[in-house]
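First comes the structure, then the notes that go with it.
The values are calculated or read from the model by the stated rules, or taken from the named source; none is laboratory data. Owing to the predicted nature of the structure, the values given are computational and were not obtained by experimental measurement. Cβ sites come from the backbone with ideal geometry, for glycine too, and all protein chains shown count toward neighbours.
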Amino acid sequence: MSDASMPTTGGLKRIAANLAAICISLAVAFGLGEVVVRVAFHGSMDFDMEMWKYATQIKIPSDDPRVVHEHRPNGRAFLMGVEVTTNSSGLRDGERAKLKPPGTYRIVALGDSITMGWGVQQDMTFPTQLERMLNAQPPKGFPKGLSYEVLNLGVGNYNTAQEVMRLRSLGLAFDPDLIILGYFINDAEPTPKPSRGFLIEHSYLFAFAVSRMRLLKPGTGTYLDYYRGLYGDDQPGWQATQAALRDLASISRERSIPAVIFIIPEMHELGDRYPFAGIHRRLEQVAAEIGLPAVDLFPAFKGRKPESALWVSSLDAHHNAEAQGLLAKGIHGALETYAAQIQDRGAVRRPIARGAAASRR
């Protein structure tokens, strides 16, 4: 190469200056984009962006890699139009002492984003509404003269395996008298693999771009196909779900804590052609085989039209406050139906409850 073809010192400086200008322009554009997206989605009802905010502002990695994530203690965020706070144990609940107060009948509610109360004020989640109902009118066959507590252990994006592990790692420490598990059709999904990285954890603009690119991907089928596909005998998520339910049954037997599974309906079609009745029956069969009661809550919703009136938003079919109330009423009624079976399983613990009730009188 001749000397004439080599860049001069001045040429190199110009190239460096141009590259610096490009980098600065990109940084400024990214920064402006970040500000615009943060302002635009500060109080939005965009499902994908609100779920990302939930994942970064309320969730933290779990020490147990099988659980993947859990709620941040004393967390606070504004999500899907409502304030979401967690207590010192990471529950979306008021502060609860692990040492159960005398004269208290304590229920722990396991579940996913529906139990947690996605898009619903904290005082309108079904665990909170159920607590009010129980204290106003305990079901027949349940102890009277006690204070009823329903602790909300729900965490968004959990499957059944994660929920039962959360029971073992946290829920049992609250000394529950009854365990209820809210089962939704996507709880047979495999445990998700966490996404880590500075941009995905901190940048609104990056999260927005990723969510929109995901929407552009061609679909491989309908939501009906997706949910039904989770329940093939060879599906690892469904296999893990059945193993977790067996574990729940073992906990119930070994600790003499009654447990009940409540099957929560999917909210797109609540008429006679409800598409997942067969999956509900399959869950009932699995529960019967392992010795746990399973209650289908679909009858509490059947025929409600339009279904979207029970959604958090027109594009988000999570159960809104009214639907959460229907869940609470259905659970309250079922507890009366299964009272004898529940009290029989908890017979070892019942004298403690009677003694506590006497101390209050």
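Miscellaneous remarks
- Of the residues screened, E70 is one that is over 30 Å from S314 (Cβ atoms), within 16 Å of the chain's Cα centre (by Cα) and of a type in the set (D, E, K, R).
- Qualifying residue in region 330-337 (condition: of a type in the set (S, T, N, Q) and over 29 Å from L79 (Cβ atoms)): yes
- Considered as a group, the residues in region 296-321 that are in a strand (DSSP E or B) and not hydroxyl-bearing (S, T, Y) include one that is surrounded by the most Cβ atoms within 10 Å (Cβ to Cβ), and that residue is H319.
- The residue of region 60-87 that is surrounded by the most Cβ atoms within 10 Å (Cβ to Cβ), among those that are within 19 Å of E189 (Cβ to Cβ) and without any contact (Cβ under 8 Å) to a residue 12 or more places away in the chain, is S62.
- Residue, surrounded by the fewest Cβ atoms within 10 Å (Cβ to Cβ), within region 94-122, restricted to residues that are over 21 Å from L248 (Cβ atoms) and of a type in the set (V, I, T): T104
- Pair list, Cβ < 9 Å and 6+ apart or interchain, from region 271-283 residues that are basic (K, R) to residues that are at pLDDT 95 or above and surrounded by 13 or more Cβ atoms within 10 Å (Cβ to Cβ): R281/D296; R282/Y231
- Members of region 259-290 found to be part of a loop (DSSP other than H, G, I, E, B), surrounded by 13 or more Cβ atoms within 10 Å (Cβ to Cβ) and not charged (D, E, K, R), listed by number: I264, P265, M267, H268, L270, Y274, P275, F276
- Single residue of region 138-177 satisfying the filter (of a type in the set (D, E, K, R) and in contact with a strand residue (DSSP E or B) (Cβ under 9 Å, 6 or more places away or on another chain)) that is nearest to I60 (Cα to Cα): R166
- Inspection of region 143-154 finds a residue satisfying the criterion of being part of a loop (DSSP other than H, G, I, E, B), in contact (Cβ under 8 Å) with a residue 60 or more places away in the chain and hydrophobic (A, V, I, L, M, F, W, C).
- Taking region 69-119 as the range and being aliphatic (A, V, I, L, M) and closer than 17 Å to S169 by Cα as the test, the residues that pass are L91, A97, L99, I107, V108, A109, L110.
- Looking only at region 166-215, and only at residues there that are at pLDDT below 70 and among the small types (G, A, S), the one that is farthest from S147 (Cα to Cα): A209
- Reported count of residues in region 50-68, each being of a type outside the set (K, R) and in a loop (DSSP other than H, G, I, E, B), is 7.
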